[in-house]
1. If we keep just the residues of region 187-210 that are at pLDDT below 85 and in a loop (DSSP other than H, G, I, E, B), which is nearest to Gly34 (Cα to Cα)?
2. Scan region 84-124 residue by residue and report those that are polar (S, T, N, Q), in a helix (DSSP H, G or I) and over 18 Å from the mean Cα position of the chain (by Cα).
3. So, in region 187-204, how many residues would count as being surrounded by fewer than 17 Cβ atoms within 10 Å (Cβ to Cβ) and either of a type in the set (Gly, Ala, Ser) or closer than 10 Å to Pro219 by Cα (or both)?
4. So which residues in region 36-56 are in contact (Cβ under 8 Å) with a residue 60 or more places away in the chain and either assigned by TED's automatic domain parsing to the domain that holds Arg205 or under 11 Å from Thr6 (Cβ atoms) (or both), if there are any at all?
5. Residue by residue through region 86-112, note down the ones that are among the small types (Gly, Ala, Ser) and surrounded by 13 or more Cβ atoms within 10 Å (Cβ to Cβ).
6. Pairs under 6 Å by beta carbon, first residue closer than 19 Å to Glu47 by Cα in region 1-24, partner modelled with pLDDT under 90 and of a type outside the set (Ser, Thr, Tyr), six or more apart or different chains?
7. Kindly provide the set of residues from region 167-184 that are at pLDDT 80 or above, under 21 Å from the mean Cα position of the chain (by Cα) and among the basic types (Lys, Arg), ordered by number.
8. Does Pro13 count as within 24 Å of Asp138 (Cβ to Cβ) and part of a loop (DSSP other than H, G, I, E, B)?
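The values are calculated or read from the model by the stated rules, or taken from the named source; none is laboratory data. Quantities reported herein were computed from a predicted structural model and do not represent experimental measurements. Cβ placement follows ideal geometry from the backbone for every residue including glycine, while neighbour counts extend to all protein chains displayed.
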Amino acid sequence: MLLDFTQFGSYRPLGYEGGEPKRADVRLISLTNGDVAKAIEDERFREDLYYRLATVPVVLPPLRDRRDDIPTIAVSYLNSTDVQASWELDSEVTELLTSPRLDWPGNIRELEAVMERARNRVRARGSGEPVIEADHLDVSLGSASQALTSASAGQPFPNGVRDKWEQLAGQKAKLEALEKEIIEEALAVCGGVVLRTARELSVSRTGLMSRMTTLEIDPEKFKAKRG
């Protein structure tokens, strides 16, 4: 019944005895934070239902994969829930929120909660300026904040640690370049079909889409090369 409804819009209400099913003209929006490709592979989700639902798939990467968006999202939330003020983040807060130390497992909801608590602290301290500063953030973020504060205060920082960090950044850039090259080669072989590419690479479709977004890979240009 669900397959018929998603494909044809036909359904039969409980107790309905008519010869022909009724029809509805609706738009379905389906959401999941699960790995649909893995669920299909494990036969926990019907593949034919997936293709009926996934007409225009949209993959939203987690905050940790789009850190540059975090300050904009934070300010937008503050201003949308407090239209009487024009909130801002100071430079230290911006640096802190986008720090790789923070994984943001709760994504947008976690960020909104952090901003809500920070705004409450600003008001509780009687500050007339709608500016979020580092000491307004949660204690749970304190380790990162203290590290940034120590660095900005000019306290000694081991050169060996800095050298290792810079070396890691260089290796990460090389790995991402290699990862992008491999994904693009796989997409070319699979004709731009993301689900097939994910299966060939033994990764989840959603995970692959997230990495493609981060690496700025457009699967459409590989579809044009088929044949």
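1. The residue in question is Ser204.
2. Taking region 84-124 first, the residues polar (S, T, N, Q) are 84, 86, 91, 94, 98-99, 107, 120.
Those left that are additionally in a helix (DSSP H, G or I): 91, 94, 107, 120.
Result: Ser91, Thr94, Asn120.
3. 4
4. Of everything in region 36-56, nothing turns out to be in contact (Cβ under 8 Å) with a residue 60 or more places away in the chain and either assigned by TED's automatic domain parsing to the domain that holds Arg205 or under 11 Å from Thr6 (Cβ atoms) (or both).
5. Our first condition is that a residue be among the small types (Gly, Ala, Ser); within region 86-112, this holds for 86, 91, 99, 106.
Ser99, Gly106, listed by residue number.
6. Once the first residue is closer than 19 Å to Glu47 by Cα and sits in region 1-24, its partners that are modelled with pLDDT under 90 and of a type outside the set (Ser, Thr, Tyr) give Thr6/Arg52; Gln7/Arg52.
7. Hit for region 167-184 is Lys180, nothing else.
8. It is false that Pro13 is within 24 Å of Asp138 (Cβ to Cβ) and part of a loop (DSSP other than H, G, I, E, B).
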